[in-house]
Structures are given as structure tokens and as C-alpha cells.
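All remarks here apply to the structure that follows.
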Amino acid sequence: MPKRILLKLSGEALQSQGLRGVAPQSLRHIAGEIASAHETGVELAIVVGGGNIWRGAKDAEDLISRVMSDNMGMLATIFNALALQAALESAGKATRVQTAMPIITLAEPYIRRKAVRHLEKGRIVIFAGGTGNPYFTTDTAAALRASEIEADEILKATQVDGVYTDDPQKNPAARLIRTISYRDALDRGLKFMDTSALALCLENQIPIRVFNLHKKGNIRKAVRSGGVGTLIS
């Protein structure tokens, strides 16, 4: 079993039935699943997206510059991180939120050594604010933070069972891929993670497991046995 995991959640995982914002029932479910996984003794860090609040260029409709839009998206991740922190603490877990965008009245600034110390003390650390820079996705933020804290694996929670040969929602003949190399994933242009994030994981040899968040117990299974989803290594 890996010692230290980084879990990547999309902002959309916190919403309900396509409605924007944070749905209490979704938040409660995810917090319970994370708490159960943490009970295995793994050191657990989380990066959460902000797509349930702000979708960047899609929402801006050319009214807002790319830089400003990305900054707004990073603020959305802080909103989600604070909501997740509250839910995890309600589930009895000690947490810390660290953000790449200074907002000291609400969260700690991101400091690598401090984050590692929190993990060693058994706290769940939620990384917010992306990388702190525009033009980078939260997938890239996850790959960067995983590299910095020397995580053993990235768990990328999604809406489907793993990585497929094609979009399973559009092509019923699409097949689930159980294992694939970083290089093959890059060469085939598979869309489960952006190219810069995947390249960073390749460079630092961090395995990625893509799995379905909505199946009960999947986070715990991914942590304990790795027997779910697709492994990219």
C-alpha cells in the first residue's frame, strides 16, 4: 500500500445533477469516502478543482481576459477547499488548507515543508489556489504538488470507471484500459489529464490511477489495493 497519496478531485464532484455550486449531499458523500480511505493509515493530500463555480473561458464569453479568468478559477478552488475542509472536520478528520494564492485569514500559504509535516502528523492537507499562476490547470497543480511532497501515487477521481479507448458516453464500443504507460497515453492523446500534467508525472515517475469517484468505497480500494480503474505508469 502506498504511504503518501495525492487525491485529485474535480470541482464538479461537489455539485449535484449538473447544478452549479456545492451540494451538501455530494460534499457529505465525498468527505465520508475520503475519511474512510484515510483510516487505512495513508498520508493523504487533496487538490480540488473549481469547475462547479467557474469554468474559465467558457464562462467569461470573451468579456474577461484569460489571466483574470484563471485567477477567478483559482479563487473558486479555495471556496471548494474550505467547503471540503468543513465536511472532513465534521467527519472527525484534522485538516489543513494551504493555498498558492495568499489569503491568510482563511488558509495557510503553501509551504512545502509545512505541508509534509502536516501529513506526517496524520492531517489531511488540501491544496487550493492551483499553482498560483494563470495558464495552468488543477491537473498540473496536482502533478506539481505530488512531485513536491514526493507522493507515491496520484489518484484522479472522475465520473467514469477509468481511461477508455474513446469517450464511453459517445461511443458504446469504447473499451476500458486497465494499464498503460505514460508515453503511450501521451502518444495516443488520451484526454484524462492535460499534457503538461502527464509529462510532469512521467518526469518524476509518479503513477496515476484514474477511477470512478461515485462508486462507494472506490477511494479506499484505490488506496489499499489499487484494484480499481486505470493505472498509468
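Structural remarks
- Residues that are at pLDDT 95 or above and of a type in the set (Lys, Arg), drawn from the range 117-174: Arg117, Lys121, Arg123, Arg145, Lys156
- Check on Ala141, in a helix (DSSP H, G or I), touching a helix residue (DSSP H, G or I) at 6+ places or on another chain (Cβ under 7 Å) and either surrounded by 16 or more Cβ atoms within 10 Å (Cβ to Cβ) or not basic (Lys, Arg) (or both): no
- The residue that is nearest to the chain's Cα centre (by Cα), among those in the range 90-121 that are open to solvent by 40 Å² or more (accessible area, probe 1.4 Å) and within 20 Å of Pro2 (Cβ to Cβ), is Arg112.
- Scanning the range 144-163 for residues being under 18 Å from Pro2 (Cβ atoms) and part of a helix (DSSP H, G or I) gives a total of 4.
- Cross-chain or 6+ apart pairs with Cβ under 6 Å, the range 10-26 first and open to solvent by 30 Å² or more (accessible area, probe 1.4 Å), then not hydroxyl-bearing (Ser, Thr, Tyr): Glu12/Gly51; Glu12/Asn52; Gln15/Ala23; Gln15/Asn52; Arg20/Asn52; Val22/Leu14; Val22/Ala83
- Identity of the residue in the range 59-100, among the polar types (S, T, N, Q) and assigned to a helix (DSSP H, G or I), that ends up farthest from Glu43 (Cα to Cα): Ser69
- Gly32 being open to solvent by 10 Å² or more (accessible area, probe 1.4 Å), closer than 24 Å to Glu153 by Cβ, touching a helix residue (DSSP H, G or I) at 6+ places or on another chain (Cβ under 9 Å) and free of Cβ contacts under 8 Å to residues at least 60 places away in the same chain: yes
- For the range 177-187, the condition holds for at least one residue, the condition being that it is in contact with a Lys or Arg (Cβ under 9 Å, 6 or more places away or on another chain) and either under 14 Å from Ile5 (Cβ atoms) or not acidic (Asp, Glu) (or both).
- Positions within the range 35-60 being crowded, with 24+ Cβ neighbours inside 10 Å and either farther than 17 Å from Ile126 by Cβ or small (Gly, Ala, Ser) (or both), in sequence order: Ala45, Gly49, Gly50
- Put simply, of Asp166, Asp184 the only residue that is over 25 Å from Val48 (Cβ atoms), part of a helix (DSSP H, G or I) and not hydroxyl-bearing (Ser, Thr, Tyr) is Asp184.
The values are calculated or read from the model by the stated rules, or taken from the named source; none is laboratory data. Model, not experiment: these values are computed from the prediction. Reconstructed Cβ throughout: ideal geometry from the backbone, glycine too, with neighbour counts over all protein chains shown. When the accessible area is computed, the model is the full protein with side chains, heavy atoms only, and any ligands, DNA or RNA have been set aside. Shrake-Rupley method; radii C 1.70, N 1.55, O 1.52, S 1.80 Å.
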